[in-house]
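Read through the structure below, which is laid out as structure tokens, and then see the notes.
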Amino acid sequence: MHKIGLIDYGMGNIHSVTKSLESLGEEIILINNFNQAKTCKAIILPGVGAFDPAMINLINTDLINDLKNWINSGKSFLGICLGLQLLFESSDEGKVQGLGILKGKIQKIPNVVNQRIPHMGWCQLLPTKSNTLLEHEELNNWVYFVHSYHAIPDDDDIIAAKVNYGSEKLTAMIEDDNLLACQFHPEKSGKTGEKLLRRWLSSIQ
């Protein structure tokens, strides 16, 4: 069992992430002050909603510098949905600068014939490289998405998986050393999401 810190900044799907991880035997600590993270082995940044309000909440809770220090120190980190997007420098959704931990930007999902925005529902992950979560073929499976914006990293090498959206392929997962982030919701993705979370938890030092 690990102690996992869950950033509580008023924009996260706290309940569903907590229940999912507790069902896997993990202890969850809600973090609104990084003194609470001293005994944690990993930090999760969840998120649902809009980019600007989320960044403003992080600024107002004075969590940004500590969060950056955590990631830059090599400690385990997982971003979920909006928690992935906030890692980048900027978003077309708003005017507030992102965390800038990853180089790149967030753009509106392109209009594609016969496809709806938001991109919502179950889709198959398309791994782009061997990585911590998708190292076995059986995990090339369906996960749950709900988003209207997608990440465009400056460095394509950090993209661990994509997802088909009509004729387009969108970033579905990022892996950069100790940093892992999912555009989809693993906590809402059934058995596949459970396997993904188990593999991430097993990688925590």
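Of the strands (runs of 3 or more DSSP E) lying entirely inside segment 100-205, the ones with 1 or more residues being aromatic (F, W, Y) are found at 119-127, 142-147, 149-153, 159-165. Close contacts from segment 5-18, counting a first residue that is among the hydroxyl-bearing types (S, T, Y) and a second that is assigned to a helix (DSSP H, G or I) and buried (at least 23 other Cβ atoms within 10 Å of the Cβ), with Cβ to Cβ under 6 Å and a gap of 6+ residues or different chains, come to S16/E187. If you go through segment 117-140 and keep only what is over 21 Å from D177 (Cβ atoms), modelled with pLDDT of 80 or more and not aliphatic (A, V, I, L, M), you end up with P118, H119, G121, W122, C123, Q124. Within segment 42-74, the set of residues being within 17 Å of N178 (Cα to Cα) and in contact with a helix residue (DSSP H, G or I) (Cβ under 9 Å, 6 or more places away or on another chain) comprises A42, I43, I44, L45, P46, D66, L67, N69, W70. Scanning segment 98-114 for residues that are surrounded by 12 or more Cβ atoms within 10 Å (Cβ to Cβ) and either without any contact (Cβ under 8 Å) to a residue 24 or more places away in the chain or farther than 24 Å from Y165 by Cα (or both) turns up G98, L99, G100, I101.
The values are calculated or read from the model by the stated rules, or taken from the named source; none is laboratory data. All figures in this text were calculated on a predicted structure; none of them were measured in a lab. Neighbour counts are summed over all protein chains in view; Cβ atoms, including those assigned to glycine, are modelled from backbone coordinates with ideal geometry.
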